[in-house]
1. For Met10, which of the numbered conditions (1) in a helix (DSSP H, G or I); (2) within 29 Å of Ser178 (Cα to Cα) fails to hold?
2. Does Tyr202 satisfy the criteria of being of a type in the set (Phe, Trp, Tyr), surrounded by 15 or more Cβ atoms within 10 Å (Cβ to Cβ) and touching a strand residue (DSSP E or B) at 6+ places or on another chain (Cβ under 9 Å)?
3. Restricting to segment 13-61, and then to whatever is among the charged types (D, E, K, R) and in a strand (DSSP E or B), can you tell me which residue is nearest to Ser196 (Cα to Cα)?
4. Can you say whether Tyr36 is of a type outside the set (D, E, K, R), touching an Asp or Glu at 6+ places or on another chain (Cβ under 8 Å) and closer than 22 Å to Ile206 by Cα, as far as the supplied structure shows?
5. Among the numbered criteria (1) closer than 21 Å to Glu53 by Cα; (2) touching a Pro at 6+ places or on another chain (Cβ under 6 Å); (3) not aromatic (Phe, Trp, Tyr), which single criterion is violated by Ile180?
6. Any idea which of Arg79, Arg21 is surrounded by fewer than 19 Cβ atoms within 10 Å (Cβ to Cβ), of a type in the set (D, E, K, R) and closer than 28 Å to Asp176 by Cα?
7. Within segment 174-189, which residues are crowded, with 16+ Cβ neighbours inside 10 Å, closer than 29 Å to Asn111 by Cβ and not β-branched (Val, Ile, Thr)?
8. Which of the residues that make up segment 188-223 are modelled with pLDDT of 95 or more and under 12 Å from Lys40 (Cβ atoms)?
Amino acid sequence: MAQFDYPVQMEIAGATALFSRPDSGDSPVSYPAPTYSAVKAMFEAVLWGEAVEIVPQKVEICAPIQWHNYVTNYGGPLRKPDSIKKDTNYQFYATVLVDVCYRLYAVARPNFRKDNLPPNAREWDSKTTAPGHAYQAIFNRRLKRGQSYASLCLGWKEFTPSYFGLFRETTKVCTDMSDIKIPSMLRNVFPKGYKSEYQAVYDTDIIIHNGTLVYPERRDESV
């Protein structure tokens, strides 16, 4: 852990989750565990601050991995023009995870790309010598109170959690889970953080071992 890194952690559970594999096309299939960017978004949903960078470290799987077929009627703007004209829905298929529970770990560190910060974030950053420490303290207070900056979700926005908060004593990591190999896993689509350009980044040869997925460290994302 780097000098300015401050650990944060939380537990999240829900009935349904979808962390889409890009190669699964218009019938998305979930990865067996949350992506790096999904975990990052969950922490930022509790507390968002442009002056701090959230760097996911690992996720512990605390419920058996179960896939389920999911069908919904889509009526949004991505339908074919004829469907929009006739006001007909598109039947959307997905392979989701059900009855999920995770323990999430990350660190909060200063956002060293200060040129991209908005004025209010730059002002806040100038008033503290340890923004990561400040984020950690505020995050923990909000987590205990069940407060969030935005609605948390498990991938898709409609897949809201049944619980998010401190680690529960009854939750156990699935340490007896067989190793699961993921040849390629989407990491991030905005690797340079706040106001960066789109760039899909993947991690390769990821292994879920004893119920734990460790995200590779990439220093180029935090300089």
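The values are calculated or read from the model by the stated rules, or taken from the named source; none is laboratory data. Nothing here was measured: the structure is a model prediction, and the numbers come from that model. Here the Cβ positions follow ideal geometry from the backbone for every residue, glycine too, while neighbour counts run over all protein chains shown.
1. Failing condition for Met10: (1).
2. Values: of a type in the set (Phe, Trp, Tyr): yes; surrounded by 15 or more Cβ atoms within 10 Å (Cβ to Cβ): no; touching a strand residue (DSSP E or B) at 6+ places or on another chain (Cβ under 9 Å): yes.
No, not satisfied.
3. Taking segment 13-61 and keeping what is among the charged types (D, E, K, R), we get 21, 23, 26, 40, 44, 50, 53, 58, 60.
Narrowing further to those that are in a strand (DSSP E or B): 53, 58, 60.
Details: Glu53: 13, Lys58: 24, Glu60: 29 Å.
The residue in question is Glu53.
4. Yes: the conditions hold for Tyr36.
5. Only one criterion in (1) closer than 21 Å to Glu53 by Cα; (2) touching a Pro at 6+ places or on another chain (Cβ under 6 Å); (3) not aromatic (Phe, Trp, Tyr) is unmet by Ile180, namely (1).
6. On inspection, the qualifying residue turns out to be Arg21.
7. Within segment 174-189, Met185, Leu186, Arg187, Asn188 qualify.
8. Tyr215 - this is the single residue of segment 188-223 that is modelled with pLDDT of 95 or more and under 12 Å from Lys40 (Cβ atoms).
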